[in-house]
1. Tally time: how many residues in the stretch 92-119 are modelled with pLDDT under 90 and open to solvent by 50 Å² or more (accessible area, probe 1.4 Å)?
2. What do you reckon, is Phe4 modelled with pLDDT of 80 or more and in a helix (DSSP H, G or I)?
3. Select from the stretch 329-347 the residues that are part of a loop (DSSP other than H, G, I, E, B), hydrophobic (A, V, I, L, M, F, W, C) and open to solvent by 50 Å² or more (accessible area, probe 1.4 Å) and list them in ascending order.
4. What do you reckon, is Ser191 under 38 Å from the mean Cα position of the chain (by Cα) and surrounded by fewer than 17 Cβ atoms within 10 Å (Cβ to Cβ)?
5. With the condition kept exactly as written, say whether any residue in the stretch 317-326 is modelled with pLDDT of 85 or more, farther than 30 Å from Lys246 by Cα and in a helix (DSSP H, G or I).
6. Are there any helices (runs of 4 or more DSSP H) wholly within the stretch 158-236 with 3 or more residues that are modelled with pLDDT under 85, and if so which?
7. Take the residues of the stretch 579-618 that are assigned to a strand (DSSP E or B), among the polar types (S, T, N, Q) and in contact (Cβ under 8 Å) with a residue 24 or more places away in the chain: which is farthest from Ile480 (Cα to Cα)?
8. Quick one: in the stretch 473-506, of everything that is without any contact (Cβ under 8 Å) to a residue 40 or more places away in the chain and either of a type in the set (A, V, I, L, M) or assigned to a strand (DSSP E or B) (or both), which residue is most open to solvent (accessible area, probe 1.4 Å)?
Amino acid sequence: MADFGADEASSRSESPEQEGRGSEDRSLLHQRLAIRELIDTEVSYLHMLRLCASDIRSHLQQLPPGDLDVLFSNMDDIIQVSSRFLHRLQETAGKEEEQAYLIGNLFLEFQEEFEQVYKLYCANYDQALLLVKAYQKEPELQKEIQGVIQAAVPQAGPSGLSFLLVIPLQRITKYPLLLQRMLENTPADASAHPVLQRATSALQDVNSNINEYKMRKEVALKYTKVEQLSLRERLARINTHTLSKKTTRLSQLLKQEAGLAPRTEDKEFDDLEERFQWVSLCVTELKSNVAAYMDNLEKQRLNGLVWQPLCSLARTLVGPQNLIKKRLDKLLDFERVEEKLLDVGSVTYEEEAARHTYQALNSLLVAELPRFNQLVMQWLRQILWTFVVLQRDLADHVLRRAESSMALLPHQHISEPDFQKLLEDTLGQSSSQLRLFQENFEKVLPPSTSQPLLPGSEHQVQALLTRYGPGKLYQVTSNINGTGTLDLTLPRGQIVALLQNKDTKGNNSRWLVDTGGHRGYVPAGKLQLYHHPAPSEKELRGQTGTREDYWLPAPEPTQPSVPTIPTLTQVVAAYPFVARSTHELSLQAGQPVTVLEAQDRKGNPEWSLVEVNGQRGYVPSNFLARTPGPTPWGWSLPS
């Protein structure tokens with residue numbers, strides 16, 4: 001009895017240790033089962049991918065090539081990465097004691113490659129599903145596709161393409177789960193535990209980054225679509241929500257321009273945008289130049305090797321340009337939400353969504369623009385190189401033609417020294433004639449002055465002069481078409497006052513000016529200092545006179561032999577104009593008019609209110625010209 005009791009007590013003291021060993025054995029068994037599942041499913045997964053890429057894709061050639069690229073995306077890249085991963089995975093099979101440690105390190109090693117290949121596939125997955133739905137609406141085509149898939153993968157069932165296309169998404173999301181099972185069945189003091197912990201976290205980050213990238217791509221796709229809408233369709237889209245958003249953005253922009261609200265600074269994006277805009281400008285200018293070149297010299301090779309690639313490059317720039325414009329809108333929304341968050345501490349769901357949209361757009365542009373700019377520069381460099389080669393071929397051809405024509409010249413047999421002397425004598429004579437012509441021309445030509453004022457703008461100039469002084473007045477040297485929100489559209493000859501010789505970003509090439517009615521930015525290169533004419537003797541004596549006479553140019557002195565004719569300034573129609581509404585007035589070329597106001601009711605100087613034969617109406621300001629009487633030569637004014 002005593003021995004039996006001792007044996008029982010001994011068995012009780014050993015049972016916790018046996019239970020611990022049993023628990024470790026079970027954990028080790030579950031760990032090895034998870035490893036075996038990882039390797040076996042990886043083999044099946046890779047086999048399925050190869051079936052899709054070879055058998056199924058090759059038997060779907062009846063589909064457009066573009067559709068196949070969307071459906072199977074970068075599956076070849078996934079196969080390449082997965083093949084190397086599986087090979088390395090199978091190498092760990094003979095090292096059971098450290099197999100979990102090696103697998104954890106293997107996942108850490110392939111982390112970046114997994115993210116790169118799977119994020120592209122996942123981003124294109126929704127587009128592939130849209131194609132699948134389109135095929136389902138065509139019974140004959142759907143039947144052919146289903147037959148190909150059933151022959152290669154019978155287990156796909158009626159799901160067909162959808163079953164195959166979702167497999168890579170399922171696989172990348174499965175990796176963290178398998179690693180988590182391995183981690184849960186690995187002792188905390190084992191060397192593999194921290195490695196598996198890092199690998200699990202890394203693969204979870206990979207999936208998060210893929211989802212973030214997919215969301216950015218969806219936002220980009222939404223805003224890069226170029227819709228050709230009529231005015232009626234655009235008006236139909238306007239609602240209270242749209243008006244509210246645009247009003248809020250405009251208010252935010254005006255507060256920033258006035259210095260009442262801070263502006264979000266993003267130096268990295270600003271540099272990228274500046275480079276992109278520079279590349280875009282280069283493409284636009286080159287396209288314009290090549291178009292003019294082709295108008296004067298038709299060459300089939302130039303069209304195929306330069307013009308068509310250049311047009312494709314220009315179309316490629318449209319999407320990023322739309323994204324950059326949309327980012328500015330979303331930035332204004334983001335800044336408004338940030339202000340509210342600081343003041344109130346909370347925002348609505350819609351405001352939070354607008355905040356995330358800006359962050360997604362900005363992150364996408366900052367990530368993608370450097371690579372895009374680089375590719376565009378390579379593309380543009382290749383086009384320019386091709387154009388240079390074609391130019392060289394053309395020059396060689398012209399040179400050969402010129403050499404054959406030179407043989408027919410009368411001086412072809414003259415020696416080189418004699419020909420050089422003949423050339424110098426001829427050039428000397430031509431130079432003397434040109435110099436004589438220049439001297440005579442300068443005697444006739446009046447001294448250079450500013451551009452002529454726009455008809456009826458004297459009151460506006462006087463107001464600007466009174467307010468800002470003569471040193472601040474500038475004149476527009478060529479027509480300006482404003483492209484930005486705060487840019488001005490001004491005609492040639494317009495007088496403006498300089499407010500600041502740089503914009504809010506410190507750019508000296510854009511000046512802030514005042515037209516007397518509007519303020520905004522204009523290119524500094526299209527402005528020149530305005531030298532206003534000196535006042536007449538009548539004004540110096542303080543006699544009464546109209547302000548308009550003050551700004552009229554003084555009449556040139558006449559020769560004594562020519563009778564003196566009073567020089568009066570009158571405005572005439574330089575071109576015919578046909579009225580398109582009751583507010584406008586028709587004109588004939590050379591018809592004298594009376595300018596009542598040099599701008600419309602909104603202060604726009606592009607339209608002037610005039611009176612002709614007792615009728616009043618608006619006409620384009622650039623259709624009017626000022627001329628001193630008597631009537632200029634070549635014009636026939638109606639009696």
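The values are calculated or read from the model by the stated rules, or taken from the named source; none is laboratory data. In this text, all values refer to a predicted model and were calculated from it rather than measured experimentally. Here the Cβ positions follow ideal geometry from the backbone for every residue, glycine too, while neighbour counts run over all protein chains shown. Quick note on the areas: whole protein, heavy atoms, side chains included, nothing else; ligands and nucleic acids left out. Shrake-Rupley method; radii C 1.70, N 1.55, O 1.52, S 1.80 Å.
1. Adding up the residues that qualify gives 5.
2. Working: modelled with pLDDT of 80 or more: no; in a helix (DSSP H, G or I): yes.
Here the answer is no, as Phe4 does not meet what is asked.
3. Scanning the stretch 329-347 gives a single hit, Val344.
4. Against the criterion (under 38 Å from the mean Cα position of the chain (by Cα) and surrounded by fewer than 17 Cβ atoms within 10 Å (Cβ to Cβ)), Ser191 does not qualify.
5. Within the stretch 317-326, none of the residues are modelled with pLDDT of 85 or more, farther than 30 Å from Lys246 by Cα and in a helix (DSSP H, G or I).
6. Qualifying helices (runs of 4 or more DSSP H): 192-224, 231-236.
7. The residue in question is Gln615.
8. Gln500
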